[in-house]
Every structure is written in C-alpha cells, then in structure tokens.
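What follows is a single structure, written as structure tokens, with notes after it.
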Amino acid sequence: MPLVVRKLIVLACGMLVLAACGQQMQPVEISVADVSKDGLTVELVINACVRDWEESVEESTDSVVVGYRITTKTGDCGFSGVITLATPLGNRVLIDEYNNEPIPLTPWPGTTSDG
C-alpha cells in the first residue's frame, strides 16, 4: 500500500476518534419553570443552544431538585424540557441543582395562577 494512502487512513482514523470524543456534558442554570394546573408537569426553560441533554429529578416532601447537563451547539437556540413528577409540586420548592437556588415559577401557558 502506498505511503500516501496509509497516511490518509491514519488521518481519517484520527479524525473519527476526535469526532467520537465530542463535548462533555456541562451543568446549566434553569431560567424559569412553567407548572401545569395539576402540578405534575413542569416545563423547564434553559437559555442555551442545546445539542444534547441529560436531566435529573429528585423529589422529597419539601422540595424537587432538578438538574440539566447539556452539550451546546450553534444556530437555533433556546430549549425547554418537560418533566413529570411522581406527585404534584404543591407547596414544595423547585430547586435548580446548578446553583441550589429556587427556580422562578410561572403558570402553565393558557392558565392563571388562581385556577
């Protein structure tokens, strides 16, 4: 096999390895959350250009801690993810795992806070 072909094969394999590495997931702050009227569905808004994501949800009697880890992309930005809770949010505090702060809540679109 000619040397030029071998070099091209090595270069192509190296590019594949680098492409497979990709970006590592990074934690990100959640901007706001919309809560459904029944309190079971929560839409979480992130101001980032999201390519891929992982979420974590830990429910307790006093709080719900939510975390997102993302890889970013260029182009169309803005992201919202929807989680379903095991029990309604009720009076529990929704906490962002990123900064351990309460996430601002808004009513689900098309509903009002007074029902």
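The values are calculated or read from the model by the stated rules, or taken from the named source; none is laboratory data. These numbers come from a predicted model, not from an experiment. So basically every Cβ, Gly included, is an ideal-geometry build from the backbone, and we count neighbours across all protein chains shown.
Specify the residue that is farthest from Ser80 (Cα to Cα); the eligible residues are those in segment 22-55 that are small (Gly, Ala, Ser) and in a loop (DSSP other than H, G, I, E, B). The selected residue is Gly22. Scanning segment 84-95 for residues that are surrounded by 14 or more Cβ atoms within 10 Å (Cβ to Cβ) and part of a loop (DSSP other than H, G, I, E, B) yields Leu85, Pro88, Leu89, Arg92.
Would you say Gly22 is modelled with pLDDT under 95, surrounded by 16 or more Cβ atoms within 10 Å (Cβ to Cβ) and not hydrophobic (A, V, I, L, M, F, W, C)? Give the derivation first.
Values: modelled with pLDDT under 95: yes; surrounded by 16 or more Cβ atoms within 10 Å (Cβ to Cβ): no; not hydrophobic (A, V, I, L, M, F, W, C): yes.
Against the criterion (modelled with pLDDT under 95, surrounded by 16 or more Cβ atoms within 10 Å (Cβ to Cβ) and not hydrophobic (A, V, I, L, M, F, W, C)), Gly22 does not qualify.
Here the condition is being out of contact with any helix residue (DSSP H, G or I) (no Cβ under 9 Å at 6 or more places or on another chain), of a type outside the set (A, V, I, L, M), assigned to a strand (DSSP E or B) and within 15 Å of Ala33 (Cα to Cα); of Tyr98, Tyr68, it holds for Tyr68 alone.
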